[in-house]
Structures are given as C-alpha cells and as structure tokens.
Amino acid sequence: MSTLHPTSGSIPGHADDHHDHHDHHGPYYQSKGSFWTNVWDWCTTVDHKKIGVMYLIAVLIFFFIGGVLALAVRTELLEPVRTVAGQVTGQFFKSDEGIGKGNEIYNRLFTLHGAVMVFMVIIPSVPAALGNFLLPLMLGAKDVAFPRLNLLSWYIYFFGSMFAGLSIYFGGVDTGWTFYTPYSTTTDPDQSRVILMVLGAFIMGFSSILTGLNFIVTVHKLRAPGMGWFDMPLFIWAIYATSIIQVLATPVIGITLLLLILERVFHIGIFDPGLGGDPVLFQHFFWFYSHPVVYVMILPGMGIISEIIPVHAHKKIFGYRAIAFASLGITAVSFLVWGHHMFSSSTELAATIFSALTFLVAIPTAVKVFNWILTLYKGSIAMNTPMLYALIFLFLFSIGGLTGLPLGALSTDLHLTDSYFVVAHFHYVMMGGTIIAFVGGLHHWWPKMTGRMYNEFWGMTGAILVFIGFNVTFFTQFIMGVQGMPRRYATYVDTFQIWHVVSTIGSYILLVGFLVHLFNFIASLRGRVAPANPWGALSLEWYAASPPIEHNFEHEPIVKHGPYDYGEVVPFHCSEEDYPLADKPAGASAHTVH
Amino acid sequence: MSTIDFKPGLIQGGRAPGYETYKHASHFRTKDEEFDACKTGMWLFLATEVLLFAGIFVWYSIYRMMYPDAFRNGSSYLDWRWGGLNTVVLLISSYTMAMSINHFQHNRQKEARRNLVITLVCGALFVAIKLLMEYIPKMTGWHFDPTMSHAGGEALTKFGGLFYFEQGYGGKLPGILFSYPFATDPHENMWWSLYYTGTGLHAAHVLIGMALIARVWWFSRPGVENYGPKHYTGVEMAGLYWHIVDLIWIFLFPLLYLIH
C-alpha cells in the first residue's frame, strides 16, 4: 500500500534508515515488516483507528451471520406449515433428541438472529467501530483517553462473542433474544447452551461499559484547543449521549444476567414463581437496560445523519443546539420508559404512566428530524451514496418512529402486541434507522478510513436495492401484523401466505443490495486514491490525511471555526474554485486550522 | 490536582525515583490532564459498580416486602457482632488507604507503604471473618473456634479442636442446595440466596480491590518508588475503588444484619 502514498514511499534496501519516519508519517495501517509482525502489531495495537477497523470487521462478519439466520427464518416462512428450516439446518445444528423438530429449530433461528444482531452487530456497530475510528479524529486528539483500555474492550467483545459462538456451536438457544424467564431458566435444563449465551452477553456488556467510559472521558478531556462543547460535531454529541447510556444502563443487565445464571445453576428463586420469585421482575430488570439500549442503537445513527446531511448539502446545520440537546434529552427519557415493553403484564396505573412517558420520546426525536429536513431546505445537495442513505434514513426512520405511537398507546397496543406489527416497527427503527445510517456513514467515511474512493454508481445501486428490498420485506409485515399474524411462529394460517412470500422476496433483494455494497467496498481497495477532504467538509477528521497517520495530525489542530460553518469558511484541502459556495472567504483562509 | 514540590531525591543506585521520572502518555498534553482523565474515568466506573449492586438492593426490597417473615427468620441467624466487626475492619482499612495516599503526596514512602500493608491485612481479615465465622458454619455446621474449647468434649472436632461440628446448624445454603431442617418459612432459601449473592459479590470486589492495592504496593517498593508527590494516580485510583467497596458494605450491613 505504501507505494501509493509518495510521501511515505520507501527506497528498496533503505527501508531501515527511514524506519522511524515511516512509522509516524505513513498511513496508520502501514506495514511494519513481515506478515507475522503485522499480525502481532494489529493484535497489540492501542491505535484507536486500528481498533475501530477490527471492530468493523467483526461487526461485518456477525452482520453476515445474523443476516443468514434472518434469511433462514424468512425462507422457512415461505410456506404456512412445512418447515424448511428443519430439513436444511437440522444438519447444521447438533441434533440430539427433540431438537430435530422444525419448530424448535425455527425458535433457535430467530433467537440467534436477534441475539447476534443486537448484542454483536447493532450495539457495537456505530459506537465501537465508527466511533472508535472517528471520535479522536473529530476532537483533534491523538487517541482516546485510555488506549489500552480500548484494546481490552475489543478483546472482551471478542471473548464474549466466542462464548456466544460456542453456544451456537452446541446448538443455540430458543429463548428469544430477550432471555425471558421462565424460557431461559427451564429450556434445555441439562445443557449449558443458555448459560454460555447469557455469559457471552454478560461479558460483552463490560466491553460496552468500558468503551462508553473511555469516550466520555475523551470528550471531556481531549478536545483540541479552541473546541468548546458547542463546537463539537453533532456525531460527537450523539456518541457522548450514547456513552452515558452505556455506562449507566449496562451494569444493570450485568447483574440481571448474573442472577439469571445463578437462577439456572442454583435455583436462587428470584425469577422462579415456583420458589416465590417473579418472572416479570426479570422483564423489569431486562428492559431497564434494554430500553435505554434501544437508544444506544439509534442515537449514533442519528449522529451520522447529522454529519452526512450538512456536509453533502453544503449548508450549516439547522438548529445545532436543538439537535445536541435532543440527544441528551433522549438519553434522559430513555431511562423512564422501560415499562412500555410490559403493558400486557403490568398494572393499569403503571401502564398508563409508562405510556404517557413513552410519548415524550417523540419530542426530541421529532426535533431532530425537522432540523435535518430544514438543513436540506435550500441546500446545495450532492446526490451521492451517503446523501441517498441519509434520505432513506429520514423516510424509513419516520415510518419506524410514527408506527411507535400506536404501540405506545395502550388501547392499540393491546391489539398489536406480539404481532408482526411490532416486528416491522422495530426493524424500521433498528435496521431502517441504525443499519441504514451505519452503511451511509461507512460510505461517508470510507475515503478517510481506507484512503480510497468507492464507486459511486454501484454505491447508489446498492442503496436503491436495499431501500426497495427493505420496504418489500417489512412493510408487508405491518399489514400482516394488523391482521393478526403473531410473531415467533413457524406456522401460520394460509391467508397470510401471500404477505409472507412477498416479504421473503424482499429479504432476498436486501441480500443482493448488501452484496453489491460488499463487492463495491472490496473493489474500492484497488480503486481511486481518495483526497484528504473529498466532500469539502469542515469537521476536523477531514483535516487529517486520508488515511490518517498514526498520530492522526502532523500538529495539534487549533479550532477556529465551527464544524458546519459552510458559506463562511473554505474547507481545508479545497480551493475557492472547488468550493464556490463560500460566500465570504475573506479572512478565513483555507488554512484556518493548523 | 495540587502537587507539592520536594527536592528530587535519589534512591539506591543513584537513580531518581519513579515518581520523579514518570512521563505521562503522549496523547495527553500534561500530567495533570492525565490525572484528571483517570479520575473522571474511575468515578464513572464507580457509578457502574453502584448500578451493579442496585440489582441486589432491588432484589432485597421487593422480596423483603413480599416475604417479611422469611427475611426476619433468615436475618436472625446472622450475628450482628461479626458483621459489625467487619464493618469496623473495613472502615479502618478505608482510613489507612486514605492516609496512604496522603503520605505518598507528602513523599513519606515508608509510612505510605505501611498503610498499604495495613489496608491489605484488613481486607484479608474481612474475607477471613466472612469465610470462617459466617459462610463455613452456616453452610456446613463446622464452627471455627481458635480457643479450642471443644477439644476432647462431646462435639465432633477437626484440626485438634480448631473446628467443632454443631448438629442441625449447617445447610443454610443458597437456592437448590438449601437443606437447613429447621426453616420455618418456605421462602427462607431465597433469603440465603440473596445473602450469599450479595455478600459474595461484595467479597469478590474486596479481593479485586486487594489486588489493586497489592499492585500499588509492589510498584512503590524501595528502588522503584513509582508514587510520590508528583505522580500518585495509581494509588488514588486504587483508593477510590477501595472506598466504594467499603461504601457498598456500609449499605449491605444494616440491610442484612440489623433490620429485623
């Protein structure tokens, strides 16, 4: 790779003389020697960029596994009765007595799809992968506050996922990803699969806590000189709000899963009605973590959209402070609404209070959406893949958010609870929101991360396929849900078959869309070399080289303008001819920073 | 952070002590910034510890309300004197830990290290009392008796009378292992599950805290002296952790031992 960067190119035979020079000024992923030297270097690196890339690779692998599980679920549902899953995947899962049945395998498939996608993909996707790479760059710092702790987080995540993988190897679990008692305390009593899976989630929780802790301290202590709190890019605000939730909510799931393991092993009785315990208490504990974590999943996605829209619309973000405070507002409200997952199992008074609190979430969320739309208004919109994804996000996330209202209202929820309407709703938010933002962000920062430009045509093609596939897959599920199709059933009445078939076809289109992106990204690694600031953006990460050097910046940047001051400042690495939008470049030269 | 300047002394071998030569990590601008970052991080971590134990406290509150008799019976088997002694032991250790930090800040290496050792001894004493005086007798019926007064008597003894067996006392174990024959309430085993989970989780934290303090003690040994007026981050962090461990016990003690 180094030959592509003339400044760091080496003369054969003289590499050693310049060793130091290359270490500090070449791209961060520059080869350090032989293959095994490089492997060791990556395994022991404390560079936030490399750790971010390692998270990214792991997340993409798990996304593939979770996606395959989803496709298996969809394929099974092509027909109302016959269980394809039993025949096809019976070989894959170790089939001891009783597991060979198709329905039970179906239960395992959707459980593992949920568990893998939530704990191993969505939660670490934006904060741990993109966040690790970008947070110090956007703050103008050399690294996160605790680089070794950062590496430890990665290894904890890795070992946690190994436990989960071991559980899958032994046959997986069929408790649903929420591990509700008594499923999780009574199924497979002679097996350790549930314990392994729960232990995996427990361990991964520590990774989440330590990453959040690291990011909070980094934001507090390592902002570049001149960068006040309201000079930070909104992605940082979103990551900061996310980190608060990670730090404050994850310990609760830690103790919950620990108690669940003790319940399984020693029958301590806390969640077991037979021993005087209460299984609904598990739901309270679980959702006290898992509802805030819904915002761990969506807030960073919102942060990405807050970056993509002003950069590619070349316009100052509308309502900067409103968006920043909306992130914190969502964080605050997120801790008060866990009860809405238990409307049908709680008292009327509690359900009414939680319902009312749930509607509060709509306020900061809508503030963000309106501000993004107003940023687009009269902007100079560049229609490229990141922007297309931002628009897709706005469309899908709005549907996801608005369909949350009938679920938050008690009377309609009792009709819709545990139906495909719920499934469609959270896929519109989690996938239509977070994953769409994640893929959009991946395109947006791909030049920075790899130093290469992806192909715009194939990027747009993939985005359009994903958009079509997504809606075909999940909009049908809204219709089924309203008509009464319950979730988590392998068999169903014949009237739903047409919707299930359409939904399954949609999921295959979705697969094609993601494969187009995958090949586009792989092909881009040999594609056009990216300039330092391909989009003409103003936030600090674009002031670093593409890809950044090991210490991110040649000199510590000094911030003299805001991250969205379009029309006032000519972005670094851009000339005024490149950037005709700058109305008044006088005084604010292209080299304001440095 | 306030640092107090002392004349740089030399330790054996003519080297400057570790706290003099300490260089902060390169991504921080100053040593103070690094110290502040560590302290912020540690406080956040302590918040997570509180939330972890919150699960135990919620468990206690709910089931105490549901099964007051079971909790009252169970609690009556705990001797407040052992719990009280352990509270005193932990409070003393918190004091010596705080003193140790203070001594390091004033470069009194010997006193600082002595306080670390007292802290460690207190930690070990806490775990020993917990095990010998509370867990083992309740679980097995074997009592620890350093006076060996039961040697040669009617009771079954072990190790020359160091332990004696009391029939019908043991079996107060968590969950499915519970086999105490004289329980009067069907939910008493949940009390014992709560007792062992709560205090066991706390004891695990005591051990982790002791490991952190032992690490500080090792790196402050003569000839290394990593901690002193200009650099005491590690001691301060271990101290903060030790105090939260103490604080959690301050809540566990009355809930489990004193409320009847």
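Data table
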quantity	calculated
Pairs where the first residue, in the range A:381-406, is without any contact (Cβ under 8 Å) to a residue 24 or more places away in the chain and the second is surrounded by fewer than 19 Cβ atoms within 10 Å (Cβ to Cβ), C-beta under 7 Å, 6+ apart	A:P406/A:T412
Within the range B:219-252, tally of residues that are more than 17 Å from B:H103 (Cβ to Cβ) and either open to solvent by 30 Å² or more (accessible area, probe 1.4 Å) or more than 22 Å from the chain's Cα centre (by Cα) (or both)	4
A:T461 vs. criteria buried (at least 19 other Cβ atoms within 10 Å of the Cβ) and modelled with pLDDT of 95 or more	no
Out of A:L134, A:L69, A:L149, sole residue that is closer than 30 Å to B:F35 by Cβ, surrounded by fewer than 24 Cβ atoms within 10 Å (Cβ to Cβ) and at pLDDT 85 or above	A:L149
Conditions (1) hydrophobic (A, V, I, L, M, F, W, C); (2) more than 10 Å from chain B (Cβ to nearest Cβ); (3) more than 30 Å from A:P534 (Cα to Cα); (4) in a loop (DSSP other than H, G, I, E, B); number of the one not met by A:I317	(3)
Enumeration of residues in the range A:166-201 that are small (G, A, S) and in contact with a Gly (Cβ under 8 Å, 6 or more places away or on another chain)	A:S167, A:G176, A:G200, A:A201
The listed residue being within 19 Å of B:A47 (Cα to Cα) and part of a helix (DSSP H, G or I), out of B:I213, B:I244	B:I244
Any hit, the range A:34-50, residues being over 17 Å from A:F159 (Cα atoms), among the basic types (K, R), open to solvent by less than 70 Å² (accessible area, probe 1.4 Å) and modelled with pLDDT under 85	no
Positions within the range A:278-292 being among the polar types (S, T, N, Q) and either facing another protein chain (nearest Cβ under 10 Å) or open to solvent by 10 Å² or more (accessible area, probe 1.4 Å) (or both), in sequence order	A:Q283
Enumeration of residues in the range B:177-202 that are within 10 Å of another protein chain (Cβ to nearest Cβ) and free of Cβ contacts under 8 Å to residues at least 12 places away in the same chain	B:L177, B:G200
Output for the range B:118-128, where each listed residue is touching a residue at least 12 places away in the same chain (Cβ under 8 Å) and small (G, A, S)	B:G123, B:A124
Residues of the range A:477-495 satisfying the condition of being in a helix (DSSP H, G or I) and of a type in the set (G, A, S)	A:G481
Any hit, the range A:266-277, residues being open to solvent by 10 Å² or more (accessible area, probe 1.4 Å) and within 17 Å of the chain's Cα centre (by Cα)	no
Within the range B:49-63, considering residues that are farther than 13 Å from A:L259 by Cβ and without any contact (Cβ under 8 Å) to a residue 60 or more places away in the chain, the one farthest from the other protein chains (Cβ to nearest Cβ)	B:S61
The range A:225-249, subset touching a Leu at 6+ places or on another chain (Cβ under 7 Å) and within 13 Å of another protein chain (Cβ to nearest Cβ), residue surrounded by the fewest Cβ atoms within 10 Å (Cβ to Cβ)	A:L248
Residue list for the range B:25-48, filter: assigned to a helix (DSSP H, G or I), at the interface with another protein chain (Cβ under 7 Å from one of its Cβ atoms) and of a type outside the set (G, A, S)	B:E33, B:D36, B:T40, B:L44, B:F45, B:T48
Subset of the range B:95-144 [more than 27 Å from B:E236 (Cβ to Cβ) and open to solvent by 20 Å² or more (accessible area, probe 1.4 Å)]	B:A128, B:L131, B:L132, B:M133, B:Y135, B:I136, B:M139, B:T140, B:W142, B:H143, B:F144
Residue ID - nearest to A:F271 (Cα to Cα), chosen from residues in the range B:153-195 that are open to solvent by 40 Å² or more (accessible area, probe 1.4 Å) and touching a Ser or Thr at 6+ places or on another chain (Cβ under 9 Å)	B:F178
Residue satisfying all of: in the range A:179-210; open to solvent by 10 Å² or more (accessible area, probe 1.4 Å) and outside any helix (DSSP H, G or I); farthest from A:Y295 (Cα to Cα) among these	A:D190
Only one of A:L262, A:L213, A:L222 that is aliphatic (A, V, I, L, M), surrounded by 24 or more Cβ atoms within 10 Å (Cβ to Cβ), in contact with a helix residue (DSSP H, G or I) (Cβ under 7 Å, 6 or more places away or on another chain) and within 13 Å of chain B (Cβ to nearest Cβ)	A:L213
From A:I268, A:I255, residue being facing chain B (nearest Cβ under 9 Å), part of a loop (DSSP other than H, G, I, E, B) and not aromatic (F, W, Y)	A:I268
Residue tally, condition among the hydroxyl-bearing types (S, T, Y), open to solvent by less than 50 Å² (accessible area, probe 1.4 Å) and in contact (Cβ under 8 Å) with a residue 60 or more places away in the chain, over the range A:318-364	5
Qualifying residue in the range A:395-410 (condition: in contact with a helix residue (DSSP H, G or I) (Cβ under 6 Å, 6 or more places away or on another chain), of a type in the set (A, V, I, L, M) and farther than 24 Å from A:G462 by Cα)	yes
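Residue by residue, here is whether (1) without any contact (Cβ under 8 Å) to a residue 24 or more places away in the chain; (2) touching a strand residue (DSSP E or B) at 6+ places or on another chain (Cβ under 8 Å); (3) not basic (K, R) holds:
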position	(1), (2), (3)
B:K130	no, no, no
B:P137	no, yes, yes
B:W142	no, yes, yes
B:D145	yes, yes, yes
B:G152	yes, no, yes
B:A155	yes, yes, yes
B:G160	yes, no, yes
B:G168	no, no, yes
B:L173	no, no, yes
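The values are calculated or read from the model by the stated rules, or taken from the named source; none is laboratory data. Predicted model only: the values in this text are computed from it and were never measured. Glycine also receives a Cβ, built like all others from the backbone with ideal geometry; neighbour counts cover every protein chain displayed. Just the protein is used for accessible areas: all its heavy atoms, side chains included, with ligands, DNA and RNA removed. Shrake-Rupley method; radii C 1.70, N 1.55, O 1.52, S 1.80 Å.
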